Amino acid sequence: MTENWQEAGFGLYVHWPFCAAKCPYCDFNSHVSDRVDHARWATALQRDLRYWAERTPGRRLSTIFFGGGTPSMMAPETLAAVIEAARGLWTPANDLEVTMEANPTSVEADRFAAFADAGVNRLSLGLQALDDGALRRLGRQHDVREGLAALEVSKSVVDRVSFDLIYARQDQTAKAWETELRQALDLAGEHLSLYQLTIEPGTVFARRAAVGKLRGLPDEDRAVDLWNITQDLCAAAGLTRYETSNHARPGTEARHNLIYWRGGDWLGVGPGAHGRLSFGTARLATVAHRAPGTWLDRNETTGSGTESEDALPPAEVAEEYLLMGLRTRDGIDLGRLRRLGGDVDASSLGRMVELGMVSTSGDRLRTTEAGALLLDAILAELSPIEP
Amino acid sequence: MTTDLSRIRNFSIVAHIDHGKSTLADRLIQETETVALRDMKEQMLDAMDIERERGITIKANTVRIDYKAEDGNTYVLNLIDTPGHVDFAYEVSRSMRAVEGSLLVVDSTQGVEAQTLANVYQAIDADHEIVPVLNKIDLPASEPDRVKEQIEDVIGIDAADALLVSAKTGQGIRETLQAVVDHLPAPKGDIDAPLKAMLVDSWYDSYLGVIVLVRIVDGKLRKGDRVRFLSNGTVHHVDRIGVFRPPMTEIDELGPGEIGFLTASIKQVRDTRVGDTITHEKKGTDQALPGFKPSVPVVFCGLFPVDSAQFEDMRDAIDKLALNDASFSYEVESSAALGFGFRCGFLGLLHLEVIRDRIEREYDIDLITTAPSVVYHIHTKDGEMQELHNPADMPDLTLVDHVEEPRIKATILVPDDYLGDVLKLCQDRRGIQLDLTYAGPRAMVVYDLPLNEVVFDFYDRLKSVTKGYASFDYQMIGYREDNLVKMSVLVNEEPVDALSMMVHRDRAETRGRAMVEKLKELIPRHMFKIPIQAAIGGKVIARETLSAMRKDVTAKCYGGDATRKKKLLEKQKAGKKKMRQFGKVEIPQSAFINALKMDG
């Protein structure tokens, strides 16, 4: 029998924790620093890879993803060294997907070709908006002209390009979003990530919101209208929603992210990176030290910046599969959920089907179009409550 | 040896909450060194935590003080500290009958309050000599002359010789003790007559069984006697007799005019009814003391364990509490919405709160409290009358001839500035004005009000419209017919029994509207829209629709977010545990009581 993770593959996530500036909506592990010792980081990241490769020998590596922070601020040599090391430590798939998140500034766009030479074959651009006023409010370093130029550069250096937009922004009307999204679809290649703006705790936006200074955010009805516009236009353009906020032409989905949503294994290295690694029936949740200095120090003294590795109880493995899997259009396999030791609450499932929130076909459980927008509430219903 | 009647003085202290009754009692005890100073704790007569926290007395307490008077003789002073709340009016009346006089304690910075009035009238009814005591005389805001005048105007007793006291500093304490001897009458009684003793109060002690507080009227009570309780004919062997100093001190006998305790291996407080007459088994009297009546609960509500697995624990807790509280009634109730619990009857709202707090605190059981209801008299067409304790049990309207509800006489003292708001509140609650008089800058209004308009939040509303300056007291005045109907509440087309209530027909629309609007706020949105209706019989009188939830999804969720998302889900599930599933709808436990809180 195939192990659980093998149903979705094995990927590598590399976290580059540094940014030129902190965005007011971002709650990721990012740090602003202009004194980064690139050679030292390159050595350290490779050291961590070796540490974990010893424990995961012989695996076939499907994907590598450089996230952050701003990985496009990495030195191309560092990137090349990490990709090279990974290729040597595991068996790379023929179609190894190597994605880098990139900021669309002119400084970084100048280096896209070098990243492609280092082995990156997919770029994910943080375009975020096609409106200069909106970009300023989001605290971005680029303007629309610069962003579009960077998009052109990325298309010329790699085959696979995606970009992100944030919508349901302050004072954004349905009309304005429709115009912006049409423009985006004209520019888009195979893939788009479209996120409704979320005010995350601990961010500048959250502090502003708390004192009533973040005005003009859409109410629920407007947010739903904006979502519906998004679905309609993307579907018409052939960019199917395959996950809550991700759209792609069939066959061009982000394979790395699908590993997360389909319950595969991934190794997370770099400050604050999380990983999931299966060994037989056990599944480890790994977390690396968040602070870059601490991570580097632990890495150099012990061989790895990992802070903790805990075996997840079967109920949690199953719960993660449920809550990640239902984000995808394909949904989850109830048989696999039960084999993992989990289940859904049967009477809630009946109610959710009756309400048209989810559908089942055989052992496949999916959200419906209506249900996709209520996923968190659906999960609270379906996930069994322990007495 | 019994004490000579002429050397006994029995008295109580009448006061409003916070006017310093317990502190004064402590000082009197301290002054006579009944308790060694090191044993004094603050307010030693109020024993229970809840009593001490709320500054109220629930059970009667008593202390025997030996006082060497100015004439050189030692007098026995028995102080009964009476329950200070209207819920316990009957208990107060019995305590009052056990003594011959009262100290009327009034805070000289505040003046007379409504509760003072209710209790002082009880004292007057019991033919007490009343000695006015102006307390807190040490405070700069003290206005003894104004308060004396007020006592004379409002209560109608001579306050010229009122004692000026500060229980805090000890000023006037000795004079107070002397005034008790000089101004209060000695008790009367015949030591040779058959034993006649009044049961003043009783409570359960885990070592001694039930302790019975008695006032001897005639005859002598000795250790070893066999006594009969006239109300139920039970006979007990008296194994202990004593007095409180305040610690229990055993003595051999109690004579006429004396107050003390007996124990007789009695297991349940229920068997000892306040106001009962105790006599000897042989050669006793068959003449009961006047005024005995078994206590009757007037306010009912459902108490349900939040965690239904705690039902048996709750049954234990209630059984134990009932051992020590004969005035509290209960029976198992089963609600479609709330599962198994108890329908409990109380003497009033404070009594309800005390019992509920004790179950939650002493037995660690979280409770859902349903809306308090009063006892209605349902007269059916076949000429029968049944008591309705739970609106959910209201018989079919076609069977009902008419419904009677309990009414109260409410006395409210309020500064003139707030009078208009108080009158409006009383009118809104279907009140009938009986009296309106002025005492200085304050008005005293007397209203005939339906108890069901008062049980829930009247007092809160009163406090709020008068910024806390009004004082309020009430007494039951009987039942009267009115146009009363049962209002049901339907959530998603299904009736929720725990939310049904009795209302006056003319106010049904208003109450129904307020109720559905409130529920719309209290019930979280679901994935479908939920009609919330109030209905009388089959007729919907108010309706709101809770719109469906439209969007609830995390926008970004990648590998590093799984752990956080899992925690969020656990939190959502914990929240769901605080909900009660009702049909397809989940209703928060708190909604069952909060839905009743009206803003007007």
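We did not get these values from a lab; they are worked out from the coordinates using the rules stated. All figures in this text were calculated on a predicted structure; none of them were measured in a lab. Cβ atoms come from the backbone with ideal geometry, glycine included; neighbour counts cover every protein chain shown.
Distance from a point 7 Å along Cα→Cβ of residue B:517 to each backbone N in the stretch B:523-560: keep the residues under 17 Å and list them by number.
Correct set: B:523, B:532-535, B:541-547.
Under 23 Å Cα to Cα from residue B:220, which lysines show up? Leave out anything in the same chain fewer than 8 places away.
B:188, B:196, B:282, B:283
Principal axes first, then extents: for the Cα atoms of chain B, list largest minus smallest coordinate on each axis, whole Å, largest first.
The Cα atoms of chain B stretch 88, 67, 55 Å along their principal axes.
Using a Debye calculation, one point per C-alpha and no hydration shell, please list log10 I(q)/I(0) for chain A at q = 0.12 Å⁻¹ in order.
Cα-only, vacuum Debye calculation for chain A: -1.02.
For residue B:518, which lysines qualify as cross-link partners when the Cα separation must be under 18 Å and same-chain residues fewer than eight apart are set aside?
Residue B:518 reaches B:529, B:597.
Report the full-extension gain for the segment residue A:211 to residue A:175: residue separation times 0.36 nm, less the Cα-Cα distance, to one decimal in nm.
Details: separation 36, 0.36 × 36 = 12.96 nm, distance 2.89 nm.
Gain on stretching residue A:211 to residue A:175: 10.1 nm.
R0 = 25 Å: FRET efficiency of residue B:331 with residue A:345, Cβ-based, nearest 0.05?
Taking R0 as 25 Å, the efficiency between residue B:331 and residue A:345 is 0.10.
What full-extension length gain, to one decimal in nm, is calculated for residue B:573 and residue B:208 as 0.36 nm per residue of separation minus the Cα-Cα distance?
Values: separation 365, 0.36 × 365 = 131.40 nm, distance 4.83 nm.
Taking residue B:573 through residue B:208 to full extension adds about 126.6 nm, to one decimal.
Given only helices, namely DSSP H runs of n ≥ 4 each adding -39500 (n - 2.57), what is the per-residue ellipticity at 222 nm of the protein assembly as shown, to the nearest 500 deg cm²/dmol?
On the way: 29 runs with 292 residues, N = 987.
Only helices count here, giving -8500 deg cm²/dmol.
Averaged over peptide A:376-385, how many Cβ atoms belonging to another chain are found within 10 Å of each residue's Cβ?
Details: counts 9, 9, 3, 8, 9, 6, 1, 6, 1, 6.
Mean shielding by partner chains, rounded to a whole number: 6.
Please turn the phi angles of the stretch A:264-274 into ³J(HN,Hα) values with the Karplus equation 6.51 cos²θ - 1.76 cosθ + 1.60 (θ = phi - 60°), one per residue in order, whole Hz, x for glycine and proline.
For the stretch A:264-274, the Karplus-derived couplings read x, 9, 9, 9, x, 10, x, x, x, 5, 9 Hz, x marking Gly and Pro.
Using every alpha carbon pair in the stretch A:236-317, what percent of pairs falls into each 10 Å bin from 0 up to the bin containing the largest distance?
Once binned at 10 Å, the Cα pair distances of the stretch A:236-317 give 17, 33, 28, 17, 4, 0.
If I take R0 = 56 Å and measure r between the Cβ atoms of residue B:249 and residue B:402 in this structure, what FRET efficiency does the formula 1/(1 + (r/R0)^6) give, to the nearest 0.05?
Details: r = 57 Å, r/R0 = 1.01.
My answer for the efficiency is 0.50.
Report, to one decimal in Å, the Kirkwood hydrodynamic radius for the protein assembly as shown based on all distinct Cα pairs.
Numbers: mean 1/r = 0.0289 Å⁻¹.
Roughly 34.5 Å, rounded to one decimal.
Which pairs, out of B:293/B:578; B:320/B:584; B:409/B:467, put more than 31 Å between their alpha-carbon atoms? Mind dumping the intermediate values first?
Values: B:293/B:578 42 Å; B:320/B:584 37 Å; B:409/B:467 23 Å.
Distance filter (> 31 Å) returns B:293/B:578; B:320/B:584.
Gap in Å between the Cα centre of the stretch A:4-46 and the Cα centre of the stretch B:66-81?
The stretch B:66-81 and the stretch A:4-46 have Cα centres separated by 87 Å.
Determine how many Å³ per residue the convex hull of the Cα atoms of the stretch A:315-381 encloses. Spell out each step's value before the answer.
On the way: hull volume 4.9 nm³, N = 67.
So the per-residue Cα hull volume is 74 Å³.
Using only the Cα atoms, work out Rg/Rh for the stretch A:269-387, with Rh taken as the Kirkwood radius, to two decimals.
Details: Rg = 17.9 Å, Rh = 16.0 Å.
My calculation of the ratio gives 1.12.
Over chain A, what is the relative contact order in whole percent, taking alpha-carbon pairs under 8 Å and six or more residues apart? Before the final figure, lay out the partial values.
Numbers: 719 pairs, mean separation 61.4, N = 387.
Reported as a whole number, the value is 16 percent.
How about the stretch A:17-118: which GluC sites (Glu not before Pro) there are in a DSSP loop, with at most 11 other Cβ atoms within 10 Å of their Cβ?
Those satisfying the criteria are A:54.
How much length is gained on full extension from residue A:369 to residue A:310, taking 0.36 nm per residue of separation minus their Cα-Cα distance?
Working: separation 59, 0.36 × 59 = 21.24 nm, distance 3.60 nm.
Full extension of this stretch gives 17.6 nm more.
Rounded to the nearest 5, what % of DSSP beta bridges with both residues in the stretch A:5-260 are antiparallel? Spell out each step's value before the answer.
On the way: 6 of 35 bridges.
Counting DSSP beta bridges with both partners in the stretch A:5-260, the antiparallel share is about 15 percent.
Based on DSSP loop calls and a cut-off of at most 11 other Cβ atoms within 10 Å, the longest stretch of chain B free of exposed trypsin sites (Lys or Arg not before Pro) is what? Show your work: numbers first, answer last.
Working: sites that count: B:41, B:188, B:267, B:282, B:283, B:381, B:467.
Here the longest run is B:42-187.
Exactly which GluC sites (Glu not before Pro) in the stretch B:370-442 are in a DSSP loop and have at most 11 other Cβ atoms within 10 Å? Walk me through the numbers on the way to the answer.
Working: sites: B:384, B:387, B:404; in loops: B:384.
Taking the stretch B:370-442 and a limit of 11 other Cβ atoms within 10 Å, the loop GluC sites (Glu not before Pro) found are B:384.
Shielding by partners for B:565-576, please: the mean number of other protein chain Cβ atoms within 10 Å of each residue's Cβ.
On the way: counts 7, 9, 0, 4, 9, 6, 1, 7, 7, 1, 1, 4.
Average per residue, whole number: 5.
Hey, for a label at residue A:54 modelled as a point 7 Å past Cα toward Cβ, could you say which residues of the stretch A:299-327 have their backbone N under 18 Å away?
A:299-309
Could you order peptides A:357-363, A:12-18, B:372-378 by the average number of other Cβ atoms within 10 Å of their residues, highest first?
Working: A:357-363: 15.1, A:12-18: 25.0, B:372-378: 21.1.
The most tightly packed comes first, giving A:12-18, B:372-378, A:357-363.
Measure off 7 Å from each Cα along the Cα-to-Cβ vector at residue B:483 and residue B:307, then give the distance between these two points in nanometres to one decimal.
4.9 nm
Report the FRET efficiency, 1/(1 + (r/R0)^6), for residue B:5 and residue B:178, where r is their Cβ-Cβ distance and R0 is 25 Å, rounded to 0.05.
Working: r = 19 Å, r/R0 = 0.77.
Efficiency, from the Cβ-Cβ distance: 0.85.
Tell me the label-point distance for the pair residue A:354, residue A:33, using the 7 Å Cα-to-Cβ offset, in nm and rounded to one decimal.
Each label point lies 7 Å from its Cα, and together they span 5.7 nm.
Treating only the Cβ of Lys, Arg, Asp and Glu as charged (+1, +1, -1, -1), what charge dipole size does chain B show about its Cα centre? Round to the nearest 20 debye.
Working: 77 positive and 95 negative charges, 567 e Å.
The dipole magnitude comes to about 2720 debye.
To the nearest Å, what is the center-to-center distance of the stretch B:516-547 and the stretch A:280-302, using C-alpha atoms only?
53 Å
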